[in-house]
Amino acid sequence: MNIETDAPLEGTPLIRPSTTDHPLYDDVVAACRTVFDPEIPVNIFELGLIYDVLVDANGVAGIRMTLTAPGCPAAQSLPVEVARKVKAVEGVTDVKVDVVWDPPWTKDRMSDAAKLQLGMW
């Protein structure tokens with residue numbers, strides 16, 4: 001789902017296109033790509049768990065993400081790991097991670113690369 005239009009974007013993470021022009025955007029996304037779901041050998045960005053990446057003028061990064069299921073065993077550790085890795089990005093002054101359940105995650109949110117890696121292609 002595109003945050004701007006509510007239109008489905010199957011196979012792509014939910015990233016608001018207007019945020020990509022911030023100088024730290026690519027580095028924050030790169031940091032998110034280093035976080036892996038412990039049960040699925042794919043990074044959380046390619047899994048489609050990152051719904052929104054925002055960086056304000058003060059270098060505060062806001063990450064809106066979900067998990068594969070509410071009872072996910074990594075529910076406590078993944079958001080903390082995301083915050084830790086994004087906070088390590090040079091220029092990021094603070095990180096706020098918001099875990100949301102709406103819209104719920106489905107396999108359709110995975111990138112084509114993740115589907116290929118998991119043999120779902």
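Just so you know, all these numbers are worked out from the coordinates, no wet-lab data involved. Quantities reported herein were computed from a predicted structural model and do not represent experimental measurements. When we count neighbours, we look across all protein chains shown, and the Cβ atoms used for this are built from the backbone with ideal geometry, even at glycine.
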Original post:
So how do 38-50, 54-66 stack up, highest first, on mean other-Cβ count within 10 Å?
Top reply: 38-50, 54-66
**OP:** Might you report the magnitude of the Cβ-based charge dipole of the range 47-121 about its Cα centre, with Lys and Arg at +1 and Asp and Glu at -1, to the nearest 20 debye?
**Re:** 200 debye
**OP:** Could you tally the net charge around P73, taking each other residue with its Cβ under 11 Å from the Cβ of P73, Lys/Arg +1 and Asp/Glu -1?
**Re:** -2
**OP:** Find out how many positive minus negative residues lie around D98, taking Lys and Arg as positive, Asp and Glu as negative, among other residues whose Cβ is under 10 Å from that of D98.
**Re:** +1
Original post:
Classify the range 17-102: rounded, prolate or oblate, from the alpha-carbon gyration tensor (a ≥ b ≥ c, eigenvalue square roots; a/c under 1.5 rounded; otherwise prolate if a/b is larger than b/c)?
Top reply: prolate
**OP:** Can you check what the net charge comes to around E46, using other residues whose Cβ is under 13 Å from the Cβ of E46 (Lys, Arg +1; Asp, Glu -1)?
**Re:** +2
Original post:
Relative to the present Cα-Cα distance, how much length would full extension add between N58 and R84 at 0.36 nm per residue of separation?
Top reply: 7.6 nm
**OP:** At 7 Å along the Cα-to-beta-carbon direction for both A69 and L116, put a label point, then send me their distance in nm to one decimal.
**Re:** 2.9 nm
